[in-house]
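Read the structure below first, then the notes.
All of the numbers you see were taken from the coordinates with simple rules; none came from a lab. This structure is a prediction, so every number in the text was calculated from the model and none was measured. Virtual Cβ from ideal backbone geometry, glycine too; neighbours counted across all protein chains shown.
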Amino acid sequence: MTVPDIQQGLQTALLLHQQGRIDDAIRLYDAILQIEPGHADALHLLGVARHQTGDSETGVTLIKKAIARTRKRPEFHNNLGQALEAMGRTMEAEAAYRQALSQDRNMTDALSNLGAILLNRGKTSDAIRALSKAVRLDPRHGMAWMNLGNAKRAHGAPAEAIDLHRQATQLLPLSDKVWVNLATSCMDLQQLDEAATALKRSLVLAPALTESWNNLGFLYINYMDYSDAERSFRAALAVQPLYAAPHAGLAEVDFLQDRATEALEHSARALELTPGDPQIRSRRALQLLTAGHIQQGWALREARLEARDAIEHRGRPPRWDGAPLSGRSLVVTAEEGIGDEILFASCLPEVIASAEHCVIECDARLLGVFRRSFRAATVEPVRRSGDRFKPVQTYEWLPKTPPIELAIEAGSLFQHCRSDLAAYQGATSYLIADAARVVTWRDRLAALGPGLKIGFSWRSKALSRFRNTHYTTLDDWADLFALPGTQFISMQYGTGWAEEIAEARDRHGCEITVFEDADLSDDFETIFALSAALDLIICPSSTVSWVGGALGVPTWVVHLRPNFTRLGTDGFPGFPTMRSFSKHVLEPWSVCFEPVAAALRQKLPVTSTTLRQKPKDDR
């Protein structure tokens, strides 16, 4: 070949390469290099082709030879970075991308690749800067939009992430990756129908895409379609048997259908394949607790502290390892929701008794109740910033003289204080309502007239397609409302409940008392006092149930099986006044409410079982 022939051959090889005929392109690159072994472009393109066929090691060697034979070719360094990254040599890959940018600071491919690798290394802010510059320079760079969406998601900005991922799908509609990432963002925001559409599109483009099959399985779980969920997880495993996530998905399918033994088998396999995954370990912890493996379950539940959205503690003392606390001081830090805080507080009396001094951090709404109930401790409100994706708690407020020596998360107390069922024996109420408020509420309840005063709630504050399976509607309560000798008092919190009560009154003619002046969402002094004044509480597993249990008020919980807080028993260990009425996820709520009605009839001081007369339906 003459020099013009070599250039023509290189153009032909590059065209073949771009058409996907990589083997033909490789043969032509090799032919050129037989004639001119030091041809930089041929070395570079052959290196790229070798990398694309899976031989990244040879690709790196060839691209490095090409770089050695030319002075300023930023695209060589960018492609070297991609080959190094494929080999897991991320630090070298980052250096290669930075070298490309030192030669062309506006090279959008290098900016996008650098941003992605910085994100994978946890440098989210640096990633966002690089990727924002890339899309600013080239608004048509689909991969940069996708990577920026991933970075925003990791940074705790899911609403921004979903818009960025939607933009990426507009620019790269034939890329399976962009559809997968859009689906992930949609799942973050519970936009499940759009997530399902995105996943199915990714599978049209790449039918063997294990991540999409796996995510689709988890979506089907949200729809309570356990058969399709299992099929999706098994499809993922057919392609990649050593992929841990579908094994964890199969564990969820069994667990949510109250098959704890089978769930533990699947989660054990998932954990064997990916022993460090905090999500797999956290979910297995709940399965262990459900099956009654208490010590193992509480120990493994520590994995929640390693999750991406775990609380970051700034300025907190060293962590307590469970050693004797005699003569030492401890701060118990707040975590999770307010109902969880009430549950976790069941361990506080013995911790306070063991430590020289105990500081308790809690939601500000619980300050009055906790200070009254734990007088020997110092109780302070949690200082939390950020959001649920990146929460931060600070501890500059802790006393300095003498300093607090140790710290522990409230949810970790069970690991040290409740290692077996025997440790739950003899537990009594541990929270105290304000006595004067209780008297006031008893008077108000008495003014309603005769009958058993029953506080009730029917759902949680936070609703979603998946969470709603755990909660009732007011239609499920209709027969209870009709029982004579009862007075039902709403303890529902959140929003939208007033409309639901109005509809239930119209539909069923039921009598439900609502105290309009009571803030049952945020005023926990009122919530505790009203609860303490009641004869009985009936509710799903929610904040209201733990309020009743903590006060020692008779509390009947209608809930799904499994429920890990039962710890393999038929009740709620540590909460002697709580009673369980459970059902399978696919069963109607009548499975719970029929025995509740029977139990109520036994409590009522009447012999008649005649229901209150319902208004005649004129329709």
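Please identify every one of the trypsin sites (Lys or Arg not before Pro) in the range 506-586 that sits in a loop by DSSP and has no more than 10 other beta carbons within 10 Å of its own beta carbon.
Nothing satisfies the criteria.
With the calculation restricted to Cα positions, what are the radius of gyration and Dmax of the range 435-603 in angstrom?
Gyration radius and largest Cα-Cα distance of the range 435-603: 15.1, 44 Å.
Going down the table (123/177; 72/133; 65/152), which pairs top 31 Å between alpha carbons?
Working: 123/177 22 Å; 72/133 22 Å; 65/152 37 Å.
Flagged as over cut-off: 65/152.
Can you find, among 149, 99, 315, the residue farthest towards the positive end of the dipole of the chain? Put +1 on the C-beta of Lys and Arg, -1 on that of Asp and Glu.
Going by the charge dipole, the pick is 99.
Could you tell me the convex hull volume per residue, in Å³, taken over the Cα atoms of the range 207-355?
On the way: hull volume 20.2 nm³, N = 149.
Normalising the Cα hull of the range 207-355 by residue number yields 135 Å³.
Expressed as a whole number of Å, what is the distance separating the alpha-carbon centroids of the range 481-538 and the range 297-362?
Using only Cα atoms to place each centre, the spacing works out to 33 Å.
Report the local net charge at residue 165: Lys and Arg +1, Asp and Glu -1, summed over other residues whose C-beta lies under 11 Å from its C-beta.
0
Under unit Cβ charges (Lys, Arg +1; Asp, Glu -1), what dipole magnitude, rounded to 20 debye, does the chain have relative to its Cα centre?
On the way: 68 positive and 74 negative charges, 155 e Å.
Computed charge dipole of the chain: roughly 740 debye.
If I model a spin label as a point 7 Å beyond the Cα along the Cα-Cβ vector, how far apart are those points for residue 428 and residue 372 in nm?
1.8 nm
Which lysines does residue 603 reach when only Cα atoms under 27 Å apart count, and residues fewer than 8 places away in its own chain are ignored?
Leaving aside lysines fewer than 8 places away in the same chain, those within reach of residue 603 are 453, 583, 614.
May I ask for the Rg/Rh ratio of the range 166-232, computed from Cα atoms with Rh as the Kirkwood radius, given to two decimals? Show your work: numbers first, answer last.
Values: Rg = 11.2 Å, Rh = 11.6 Å.
So for the range 166-232, dividing Rg by the Kirkwood Rh gives 0.96.
Please order 537, 294 by the number of other Cβ within 10 Å, starting at the fewest.
294, 537
Contour minus end-to-end for residue 522 and residue 190, with contour as 0.36 nm per residue of separation and end-to-end as the Cα-Cα distance?
Once the chain is fully extended between residue 522 and residue 190, it gains 117.0 nm.
Check the straight Cα-Cα distances from residue 461 and name the aspartates and glutamates below 12 Å, setting aside those fewer than 8 residues away within the same chain.
Within the straight-line cut-off, residue 461 pairs with 522.
Consider a paramagnetic label point 7 Å from the Cα of residue 314 along Cα→Cβ; state which residues of the range 392-417 have an amide N under 13 Å from it.
Zone members listed by number: 392-397.
For residue 604 and residue 513, what does the FRET efficiency come to when R0 = 25 Å and r is the distance between their Cβ atoms, rounded to the nearest 0.05? Before the final figure, lay out each step's value.
Working: r = 17 Å, r/R0 = 0.70.
Here the calculated transfer efficiency is 0.90.
Could you compute the net charge surrounding residue 270? Neighbours are other residues with a C-beta less than 11 Å from the C-beta of residue 270; K and R count +1, D and E count -1.
After counting each charged neighbour, the total is 0.
Consider just the alpha-carbon atoms of the range 95-222 and return their Rg together with their Dmax, both in angstrom.
Here Rg and the maximum Cα pair distance are 14.8, 50 Å.
Extension gain residue 103-residue 295, at 0.36 nm per residue separation less the Cα-Cα distance, in nm?
63.3 nm
May I ask which residue of 294, 422, 131 lies farthest towards the positive end of the charge dipole of the chain, with charges of +1 (Lys, Arg) and -1 (Asp, Glu) on Cβ and the Cα centre as origin?
Farthest towards the positive pole: 131.
What's the FRET efficiency of residue 68 with residue 462 using the Cβ-Cβ distance as r and R₀ = 41 Å, to the nearest 0.05?
Once the sixth-power term is evaluated, E becomes 0.10.
Measure off 7 Å from each Cα along the Cα-to-Cβ vector at residue 24 and residue 435, then give the distance between these two points in nanometres to one decimal.
Each label point lies 7 Å from its Cα, and together they span 9.3 nm.
Pairs of alpha-carbon atoms within less than 8 angstrom and 6+ residues apart define the contacts here; what relative contact order does the range 312-419 have, in percent?
42 percent
Relative contact order for the chain using alpha-carbon pairs under 8 Å, separation at least 6, rounded to a whole percent?
With pairs under 8 Å counted, the relative contact order is 8 percent.
How high is the relative contact order of the range 127-285, in percent, with contacts defined as C-alpha pairs under 8 Å that are six or more residues apart? Walk me through the numbers on the way to the answer.
Numbers: 213 pairs, mean separation 18.3, N = 159.
This gives 12 percent for the range 127-285.
Can you list the equivalent-ellipsoid semi-axes of the chain, largest first and in whole Å, using the square root of 5 times each Cα gyration tensor eigenvalue?
Semi-axes, largest first: 58, 29, 21 Å.
Which loop-located trypsin sites (Lys or Arg not before Pro) does the range 345-374 contain, where loop means any DSSP state but H, G, I, E or B and the Cβ has at most 10 other Cβ atoms within 10 Å?
When the trypsin sites (Lys or Arg not before Pro) of the range 345-374 are filtered for loop state and at most 10 Cβ neighbours within 10 Å, nothing remains.
Sort by residue number and report every cysteine in the chain with no other cysteine beta carbon within a distance under 4.7 Å.
186, 358, 362, 510, 539, 592, each lacking another Cys Cβ under 4.7 Å.
Name the longest site-free stretch of the chain, where the excluded sites are GluC sites (Glu not before Pro) in a DSSP loop with no more than 13 other beta-carbon atoms within 10 Å.
1-355
Rounded to the nearest 20 debye, what is the charge dipole size of the range 62-144 about its Cα centre when +1 sits on each Lys and Arg Cβ and -1 on each Asp and Glu Cβ?
Working: 15 positive and 8 negative charges, 58 e Å.
Charge dipole, the range 62-144, about its Cα centre: 280 debye, nearest 20.
Expressed as a whole percent, how much of the Cα-Cα distance distribution for the range 1-105 exceeds 23 Å?
Tail of the P(r) past 23 Å holds 24 percent of the pairs.
Restricting to the chain, what percent of DSSP beta bridges are antiparallel, rounded to 5?
Of the beta bridges lying entirely in the chain, close to 10 percent run antiparallel.
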